[in-house]
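This report refers to the structure that appears directly beneath it.
Each reported figure results from applying straightforward, stated rules to the coordinates on display, with no laboratory input. Worth saying up front: this structure is predicted, and the values here are computed from it rather than measured. No Cβ is skipped: glycine too gets one built from the backbone with ideal geometry, and neighbour counts run over all protein chains shown.
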Amino acid sequence: MKKKVYFKTFGCRTNLYDSQVMMSAMQEYEITQDENEADAIVINSCTVTNGADTHVRSYISQLEKNNANAKLFLTGCGAHTKGESLLKEQRVHGVFGQSEKQKIDSLLAQEQPFYEKGDLNHIDDMIVDDFVGKSRAFIKIQEGCNFRCSYCIIPFVRGDARSMDEAKILEQVSRLALNGFGEFILTGTNVGSYGQDKQTSLVKLMKKMSQIRGVRRIRLGSVEPIQITDEFLEILDEPWLEKHMHIALQHTAPEMLKIMNRRNVYKQDKALFELLASKGFAIGTDFITGHPGESEALWQEAMQNARELPLTHIHAFTYSKRDGTKSATLKPEINGKIAKQRLHEIEALIKEKNLQFREAFQGELDVLVESYKEGFYHGFDQHFNKILIKSDEDLLGNWIRIAKYTIQKEHNYAEL
């Protein structure tokens, strides 16, 4: 009887993909969705902030109480920052870097505690043809980042930007499409940098993907404003491109962008966002509140700019010091309570903007139904807005077009 392995994934979509790679590569073990019955637990960690490290440690503490017999293995970005200390404390049995994940069977079988850091120049060549428990497929197209934002540790644990082989990506998309997947989310550490090291581009890749039978919708992970090139603007009307773009700003006050060592320029960001909005796109962004140097005046400037931007979604978070980054040494620091108040303020603003966007939209919704919970089907439309659906039919995994629906504060609602 095969031993059972549970995968716990923290952090970004890249980690979600990496977990799927490990599941696909595993032959000698059985995957379980119940951590309490697992013989081994693989923790795919995030280390983007000190707080992310704390979440991983808390999870390990929880396992030590509830499933003390399971062997714990740490991978992901945290393997490079906290792996050695956790191994020395005997809180995990093994630690391995992202480049080692395809050797998952032999790693899980090791009797002696181990630390296999791997390298930061690795490129995945694994073909993933299924996604356990998912209705959308995540396609990792690149690894690493050449940006050096002052608050970010990721380039030091993921390495410099490097692109995966185009033929491998397209083969993976083809296999997944044959297995019934119609929506593909392109992910990576810095998705927009794809192709810069291979004399190609993200747009060229997406065009080739769109020609594969079964590909219905392509969605991007976070891209940088400067990566929306003239070539990119030419595909905005393509029916396969999701009408939602997530473009990372991190802030809107020009002085704060300099402090953060960001490459975007607010005036150019505003012009880009207005162009996308004119094309019917919903627009999301990342935003950090409470970064060192964010004075009240700069915050008020940022909020005024946010009011003027046609934003519909936001992934906002309070600044959390990350040891080893330039921002960790900057002054003045912002009180955590103030940072949280600012977080709630900008989230409330964008929530209201999202409602206004949904109220203004008059068209049909193109929905992929992803889950069924508490009597309702849950899905996302072409603008990445959630919809709850009441139906006696089994809609799970289906694509449906919805003409009649009601707009509620948190989401849309339909009865079919």
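Couple of notes before you dig in:
- ³J(HN,Hα), Karplus 6.51/-1.76/1.60, whole Hz, each residue of region 107-115, x for Gly, Pro: 5, 5, 7, 5, 7, 8, x, 8, 9
- For the chain, the list of Cys residues with no other Cys C-beta under 4.7 Å reads CYS12, CYS46, CYS77, CYS145.
- Fraction of beta bridges assigned by DSSP in region 1-92 that are antiparallel (%, nearest 5): 0
- The chain - share of DSSP beta bridges that are antiparallel (%, nearest 5): 30
- Compactness of the chain, expressed as Rg and Dmax over alpha-carbon positions, Å: 21.7, 64
- Contour minus Cα-Cα distance for HIS55 and TYR372 (0.36 nm per residue): 111.3 nm
- Overall, the chain carries a charge dipole of about 640 debye about its Cα centre when +1 sits on the Cβ of Lys and Arg and -1 on the Cβ of Asp and Glu, all other atoms neutral.
- In sequence order, region 345-354 has phi-based couplings of 5, 6, 5, 5, 4, 6, 4, 5, 5, 5 Hz under the Karplus curve 6.51 cos²θ - 1.76 cosθ + 1.60, θ = phi - 60°, and Gly or Pro positions carry x.
- Three semi-axes of the equivalent ellipsoid, region 365-415, Cα gyration tensor, whole Å, largest first: 15, 12, 10
- Here the spin labels are modelled as points 7 Å beyond Cα on the Cα-Cβ line, and at ARG401 and LEU236 they lie 2.4 nm apart.
- FRET efficiency, GLU37 to LEU355 (Cβ-Cβ, R0 56 Å, nearest 0.05): 0.85
- In the chain, the calculated helix contribution to ellipticity at 222 nm averages -9500 deg cm²/dmol per residue, counting -39,500 (n - 2.57) for every DSSP H run with n ≥ 4.
- For region 313-416: relative contact order, % (alpha-carbon pairs under 8 angstrom, 6 or more apart): 21
- Global geometry of region 5-123, whether rounded, prolate or oblate, following the gyration tensor of its Cα atoms and the 1.5 cut on a/c: rounded
- Under a 5 Å amide H cut-off, with hydrogens placed 1.01 Å from N, TYR115 pairs with VAL95 among residues at least 5 apart or on other chains.
- Rotationally averaged projected area of region 143-189 (alpha carbon convex hull; nm²): 4.1
- Relative contact order (percent, whole number), the chain, Cα cutoff 8 Å, 6+ residue spacing: 10
- Relative contact order (%) - region 176-237, alpha-carbon pairs under 8 angstrom, separation at least six: 45
- Environment charge of GLU37, counting only residues whose C-beta is closer than 13 Å and scoring Lys/Arg +1, Asp/Glu -1: -1
- Each residue of region 175-182 was assigned a 3J(HN,Hα) from its phi angle through the Karplus expression (A = 6.51, B = -1.76, C = 1.60, θ = phi - 60°), giving 5, 5, 5, 5, 8, x, 7, x Hz with x at Gly and Pro.
- Computed label-point distance, nm, for sites LYS103 and GLU296 using a 7 Å Cα→Cβ extension: 5.7
- Distance between the pseudo-spin-label points of GLU111 and GLU345 (7 Å out from Cα toward the beta carbon): 6.2 nm.
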